[in-house]
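A.B. asks: To start, I am sharing the structure in question, which I have written as structure tokens.
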Amino acid sequence: MAMKREITVTVNGTKYHSEVEPRLLLVHYLRDILNLTGTHIGCDTSQCGACTVLLNGESVKSCTMFAVQADGAEVTTIEGLAQGGNLNPIQEGFWEKHGLQCGFCTPGMIMASYQLLKNNPNPTEDEIRKGLEGNLCRCTGYQNIVRAVQYAADKMRESAEAPVGAGGE
Amino acid sequence: MGIAAMLGTSIKRREDPRLITGEATYVDDIKLVGMLHMAVLRSPYGHARINRINTEAARNHPGVVAVYTAEDLKGAVQAVPVAVPLGKIAEGMGVRGPLAEGKVRFYGDPVAVVIADDRYTARDARDLIEVDYEPLPAVVDVEKAMQPDAPLLYEEFGTNVPFSMHPPTDDIDKVFEETKANGGVVVKTRMVNQRVAPVPMETRGVVASYNKGEKKLTLWSSSQIPHLLRDLLSAQVGLPQHQVHVIVPEVGGGFGCKLNVYPEETVAAFASMRLGRPVKWIEDRSENLAVTIHGRDQVDYVEVAATKEGKITGLKVHGISDLGSYCQVFTDVIMIAFGFPVSCGAYDIPAIHLSADIVFTNKAATDAYRGAGRPEATYVIERAIDLVARELGKDPAEVRRINFVKPEQFPYKSAAGAVYDTGNYEGALDKALAIVGYEQLRAEQQQARAQGRLMGIGLSSYIEICGFGPKGSAPVGLYESARMKVEMSGDVMVYTGSSPHGQGEETTFAQIVAEEFTIPVDNVTILHGDTDSTPEGRGTYGSRTTAVGGSAVFEAAQRLKEKMKQIAAHMLEASPSDVTLEDGKFFVAGSPQKAVTFNEVALAANFSNTLAPGIEPGLETTVFWEPQACVFPFGTHVCVVEIDKETGEVEIKRFVAVDDCGRQLNPMLVEGQVHGGLAQGIGQAMVEGVVYGEDGQLLTASLMDYALPYAHELPHFETDSTVTPTTVNPLGVKGVGEAGTIGSTPAVANAIADALGVAHVDMPYRPNRLWEFIHQQ
């Protein structure tokens, strides 16, 4: 059995020092060692996207990485998305538009949507469907997920375009 | 100010906050002190004898606590339960213990388990188990399995066919002859409803925890049936029911495949009982595709007779159901019990002949998957209608109209057996055709054909049977339970025997209660999944949760409302029959100024020392509600496709679904169920299919090989509805969970046949298959 390695990973703003086997998957590290069970495992071949998290701000499938590869990195999981008790607009969109049923694909779908909107803040329906081609959902038929992402895109654009309040400049 | 009516409004789901923040608990999120992990060693062969199993190296691996095979289970664990063992199955054919004994009969057949400190160690040790297999010839084609020279799965029975049903054909033959003699037509074809995998995004999993001191087994399982699981598994492991506590946490999808009692659940329980420590098993996706039950896998030979005007005079269906290699709970009855009774579909067909063979093959067991028998039956009748239309050169919409059961014929007893409650089939058809612009589309199709393009329009006017079920419809009573408590604060707790896993009943049931009590929906909490706190229930499947579970909730609310009226009447010094409940207040009708609030009555019931004589304190009731009949949702789907001649690729240009599930309690959730159903029905038609090699090797063993639709592979659905309430339950609701799947597959199939201008093409409509078909023509 290979020697354990020391890693330092910042997850949702908290720094963790751990000793892990080199073969420990990042998703198992998050779920089993750090007890952040919001990130899910839906397959074993990187198809489904349920394990999607952000690594240094970019989406990755955490089942396809080893924890040791995340040494020194910043990881954001679904648990870290809401800010100060307020839901992220994407989370809000999924709630408003019934973008989830069983909820299992949802954390990964939300993280993938985050990346999609980062790359393309004003996507068409077609662009949303193609942008989420790395994520499987078996419950919703995707239509309300598209609506959820559209809601989030609109909301995020509104607040980006909102004028600076009185008392500012 | 009034409380807005709750039923019929699309309020947001109560379930969502925990799910969108990653704070929900699924079975793999459960961690118990001292918990061990189980890994399963499975057969790599489709059919083989087991000569020897050597577990010594595995047992000695550091971190391994135990290794078990069938030998260890002897006498301690009973067979996988089969609800209705037909024919030779009642003699033991296809009935198995949880681990393979002497033979393996399908790829993935569980042979041994390793129990270790952590999941990585369990898998390391699993690789050290040596099994001496002697491969045997396998049979994976259901019709080949029926041949006298086919390899036998259960040699002692001398056949692969445990049960057949071949009634005499004299009557139907006469109908066919008369029809032909009168200038009518008889059309026949063979069609395959291919094997598919349910693929819920969460695989199966279980945590079994046996407390030796209390002799109590607690089982967390990703299941659709908490009580049935408790009832059946307790018998398997030899514990009284009350010593087994099943808790179903969040479940990431089921679609029928978690309506079962699986070997791994039983073995994990056994291991925990032996070791006195919690044992967790989580299925990986490759296991899930290999051993969690598969759906469909039916071959049908259909013959249909019709007058030259298009009126169907008779239908003959010979169904061959591929059971796989053994029976899970409903394997042997899916086709015969659930599909056959609705073989006439939405149509008034006077004569039908049904015959059946059910057959074992070297594949995983089949069982209930979204629709469970009804998609197969609907596929047959909807294709038959189009075959008749094609033969007569008539519009398939017209042939449907001519044959529909008419509104005045309800309740309608079908020649195939089912009694349909209510329906307005032409209404749904008209609406769907209007939305899609049918006339215009047919004109476009003419133009497209003139240009050599392959454009097709397919209809499906389906019915389905759900809301199980009434007395006699199943081997056990299929009632549903609800225990309702009104707390002294006025908050209402409801414990339902239903077990939703994405359907949203924590929301819709709360809406029912809020409406009946005229209180804010936020004051109502719906709980489910725990056999210690919810009364004996039957679970969620068969589109029954709202129709049956919701009716139990409704009845419970009525009972408590009556009691509260009595208490309020006493407080108001009035007669209970004069008291009304509106806007959260009880008052004498006509005198709203003198009222007592819902909360005041709740407090009085739980706290008061001056309740009227004859009134028992407290506000709690338990209802077991049994429907008198099944319910029959219906609808029409329209699919428009264009096939690229050069590549065989299909573009679904439009998909319209008009579904009628009776009264809609939360339209947004109804629409969501339709979307999900459409995705699975279209998925089967377009890309899905479990494939085995001739030797029984599973070829679609991961999501790299088992195709599922992704977001960009599905069209934008255009959905609408008609509302034809049922008289079967007080809510007027039918079911909607499976209807989308049942109706959509034939719509796609009909569109493809229409595009190609042929009688029939088997699914799935993958580019390579269509390309070959086109270029062979």
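Taken together, the values in this text are just the output of simple stated rules run on the coordinates, not laboratory data. Bear in mind that the values here come from a model prediction, so they are computed numbers and not experimental data. All Cβ positions, glycine included, derive from the backbone under ideal geometry; neighbour counts span all protein chains shown.
A.B. asks: Would you mind classifying the protein assembly as shown by shape? Square roots of the alpha carbon gyration tensor eigenvalues, ordered a ≥ b ≥ c; an a/c under 1.5 is rounded, otherwise it is prolate if a/b is larger than b/c and oblate if not.
C.D. replies: Note, shape of the protein assembly as shown comes out rounded.
A.B. asks: Taking square-rooted eigenvalues a ≥ b ≥ c of the alpha carbon gyration tensor, is region B:131-211 rounded, prolate or oblate, where a/c under 1.5 means rounded and, failing that, a/b exceeding b/c means prolate? Don't skip to the end; give the middle numbers.
C.D. replies: Numbers: a/c = 2.83, a/b = 1.84, b/c = 1.54.
Prolate, since a/c reaches 1.5 and a/b exceeds b/c.
A.B. asks: Would region B:1-111 count as rounded, prolate or oblate if I go by the C-alpha gyration tensor, calling it rounded below 1.5 in a/c and otherwise prolate when a/b exceeds b/c, oblate otherwise? Walk me through the numbers before you get to the answer.
C.D. replies: Details: a/c = 3.35, a/b = 1.71, b/c = 1.96.
It comes out oblate by the Cα gyration axes.
A.B. asks: Taking the Cα atoms of region B:477-587 alone, what are Rg (to one decimal) and Dmax (as a whole number) in Å?
C.D. replies: Taking only Cα atoms of region B:477-587, I get Rg and Dmax of 14.7, 48 Å.
A.B. asks: Additional query: Please list, in order along region B:76-87, the HN-Hα scalar couplings obtained from phi with the Karplus expression 6.51 cos²θ - 1.76 cosθ + 1.60 (θ = phi - 60°), rounded to whole Hz, x for Gly and Pro.
C.D. replies: 9, 9, 8, 5, 4, x, 10, 5, 10, x, 8, x
A.B. asks: Turning to a different aspect of this structure: Across 5 Å bins from the origin, how do the percents of Cα pairs in region B:237-295 run, short distances first?
C.D. replies: 4, 13, 23, 28, 16, 13, 4, 0
A.B. asks: What's the long-distance tail for region B:726-777, i.e. % of Cα pairs beyond 13 Å?
C.D. replies: 67
A.B. asks: How tilted is helix A:143-161 with respect to the longest principal axis of chain A? Cα atoms for both, answer in degrees (0 to 90, nearest 10).
C.D. replies: For helix A:143-161, the angle is close to 70 degrees.
A.B. asks: Let me spell out the model: positive unit charges on the Cβ of Lys and Arg, negative unit charges on the Cβ of Asp and Glu, origin at the Cα centre of region A:5-78. What dipole size does that give, in debye rounded to 20?
C.D. replies: On the way: 5 positive and 8 negative charges, 23 e Å.
Taking the Cα centre of region A:5-78 as origin, the dipole is about 100 debye.
A.B. asks: Could you give the length gained on full extension between residue B:488 and residue B:580, defined as 0.36 nm per residue of separation minus the Cα-Cα distance, in nm?
C.D. replies: 31.1 nm
A.B. asks: From zero outward in steps of 10 Å, how is the percent of C-alpha pairs of region B:349-475 spread across the bins?
C.D. replies: Computed distribution, short to long bins: 9, 32, 32, 19, 8, 1.
A.B. asks: Quick check: residue separation of residue B:695 and residue B:406 times 0.36 nm, minus the Cα distance between them. What number comes out in nm?
C.D. replies: Length gained, residue B:695 through residue B:406: 99.0 nm.
A.B. asks: Suppose every Lys and Arg Cβ carries +1 and every Asp and Glu Cβ carries -1, with no other charges. What dipole size does region B:1-113 come out with about its Cα centre, to the nearest 20 debye?
C.D. replies: Working: 14 positive and 11 negative charges, 51 e Å.
Magnitude of the dipole: close to 240 debye.
A.B. asks: Put a dot 7 Å past each Cα toward the Cβ at residue A:154 and residue B:301; how far apart are the dots in nm?
C.D. replies: 5.7
A.B. asks: Need the full-extension length gain, residue B:169 to residue B:594, defined as separation in residues times 0.36 nm minus the C-alpha distance. One decimal, nm.
C.D. replies: On the way: separation 425, 0.36 × 425 = 153.00 nm, distance 7.30 nm.
Full-extension gain reported as 145.7 nm.
A.B. asks: How large are Rg and Dmax for region A:25-169 when only the alpha carbon atoms are used, in Å?
C.D. replies: 15.6, 53
A.B. asks: If amide H atoms are built 1.01 Å from N in the plane of the peptide, which residues on other chains or at least 5 residues away come under 5 Å of the amide H of residue B:358?
C.D. replies: So residue B:358 has HN proximity to B:163, B:321.
A.B. asks: Please give me the summed charge of the neighbours of residue A:147: other residues whose Cβ is under 15 Å from its Cβ, Lys and Arg +1, Asp and Glu -1. Could the numbers behind the result be given before it?
C.D. replies: Values: positive: A:97, A:129, A:155, B:12, B:13; negative: A:92, A:96, A:125, A:126, A:127, A:154, B:16, B:671, B:718.
It works out to a net charge of -4.
A.B. asks: Mind sorting B:242, A:28 by how few other Cβ atoms lie within 10 Å of their own Cβ, fewest first? Let's see the in-between values first.
C.D. replies: On the way: B:242 11, A:28 23.
So the ranking, lowest neighbour count to highest, is B:242, A:28.
A.B. asks: Between residue B:32 and residue B:9, what is the FRET efficiency for a Förster distance of 45 Å, r being their Cβ-Cβ separation, to the nearest 0.05? Walk me through the numbers on the way to the answer.
C.D. replies: Values: r = 41 Å, r/R0 = 0.91.
Once rounded, the FRET efficiency stands at 0.65.
A.B. asks: Using the 2.2 N^0.38 Å rule of thumb for compact globular proteins, work out how region A:90-130 stacks up: its C-alpha Rg over that value, please.
C.D. replies: Scaled against compact globular proteins, the figure is 1.14.
A.B. asks: Right, something else. Please work out the Cα center distance from region B:480-518 to region B:183-205, rounded to the nearest Å.
C.D. replies: What the calculation gives is 36 Å, centre to centre.
A.B. asks: Over what distance in Å are the Cα centres of region B:707-777 and region B:398-441 separated?
C.D. replies: For region B:707-777 versus region B:398-441, the Cα centre distance is 17 Å.
A.B. asks: Going by how many other Cβ atoms sit within 10 Å of their own, how do B:281, B:625, B:220 line up, fewest first? Provide the component values of the computation, followed by the final result.
C.D. replies: Values: B:281 28, B:625 21, B:220 25.
Ordered from fewest to most neighbouring Cβ atoms within 10 Å, B:281, B:625, B:220 come out as B:625, B:220, B:281.
A.B. asks: Something else now. Show that you can apply the helix-only estimate: for the protein assembly as shown, add -39,500 (n - 2.57) for every DSSP H stretch of four or more residues, divide by all residues, and state [θ] at 222 nm to the nearest 500. Provide the component values of the computation, followed by the final result.
C.D. replies: On the way: 23 runs with 263 residues, N = 946.
Helices in the protein assembly as shown give a 222 nm mean residue ellipticity of -8500 deg cm²/dmol.
A.B. asks: Please go through the residue pairs B:31/B:103; B:103/B:144; A:4/B:74; B:308/B:431; A:15/B:280; A:15/B:212 and name each one whose alpha carbons sit more than 31 Å apart in this structure. Don't jump to the answer; show the numbers that get you there.
C.D. replies: Numbers: B:31/B:103 35 Å; B:103/B:144 21 Å; A:4/B:74 41 Å; B:308/B:431 27 Å; A:15/B:280 29 Å; A:15/B:212 40 Å.
Result: B:31/B:103; A:4/B:74; A:15/B:212 exceed 31 Å.
A.B. asks: Here is a further query. So how far, in whole Å, is the C-alpha centre of region B:250-302 from the one of region B:40-63?
C.D. replies: 20
A.B. asks: Considering only the other residues whose Cβ falls under 9 Å of the Cβ of residue B:172, what net charge follows from Lys and Arg at +1 and Asp and Glu at -1?
C.D. replies: Values: positive: B:174, B:316; negative: B:170, B:171, B:173, B:303.
It works out to a net charge of -2.
A.B. asks: Can you give me the span-like helices of chain B, meaning DSSP H runs with 15 Å or more of Cα extent along the axis and Kyte-Doolittle mean at or above -1.0? Working shown, then result.
C.D. replies: Details: long enough: B:170-181 (16 Å, -1.06); B:226-237 (16 Å, 0.34); B:263-275 (18 Å, 0.27); B:374-392 (27 Å, -0.04); B:425-436 (17 Å, 0.76); B:438-450 (18 Å, -1.70); B:505-517 (17 Å, -0.08); B:551-572 (31 Å, -0.10); B:667-686 (28 Å, 0.35); B:739-756 (27 Å, 0.90).
Span-like helices in chain B: B:226-237, B:263-275, B:374-392, B:425-436, B:505-517, B:551-572, B:667-686, B:739-756.
A.B. asks: Still on this structure, I have one more. For region B:666-689, list residues with backbone N below 18 Å from a point placed 7 Å from the Cα of residue B:762 toward its Cβ?
C.D. replies: B:684-689
A.B. asks: Going by how many other Cβ atoms sit within 10 Å of their own, how do A:4, A:97 line up, fewest first? Mind dumping the intermediate values first?
C.D. replies: Numbers: A:4 13, A:97 22.
Lowest count first: A:4, A:97.
A.B. asks: Also, I was wondering about something else. Relative to a virtual label point 7 Å from the Cα of residue B:79 in the Cα→beta-carbon direction, which members of region B:252-294 show backbone nitrogen distances below 16 Å?
C.D. replies: So the set is B:261-263.
A.B. asks: How big, on average over all directions, is the shadow cast by the Cα convex hull of region B:691-739, in nm²? List each step's numbers first, then the result.
C.D. replies: Working: hull surface 28.0 nm².
Spelled out: convex hull of the Cα atoms, projected over all directions, averaged, 7.0 nm².
A.B. asks: I need the P(r) histogram for region B:629-777: all alpha carbon pairs, bin width 10 Å from 0 out to the longest distance, whole percents.
C.D. replies: Values per bin, smallest distances first: 11, 35, 29, 18, 6, 0.
A.B. asks: Quick check: convex hull of the Cα atoms in chain B, volume per residue, rounded to a whole Å³? Walk me through the intermediate numbers first.
C.D. replies: Numbers: hull volume 138.4 nm³, N = 777.
Taking only Cα atoms, chain B has a hull volume of 178 Å³ per residue.
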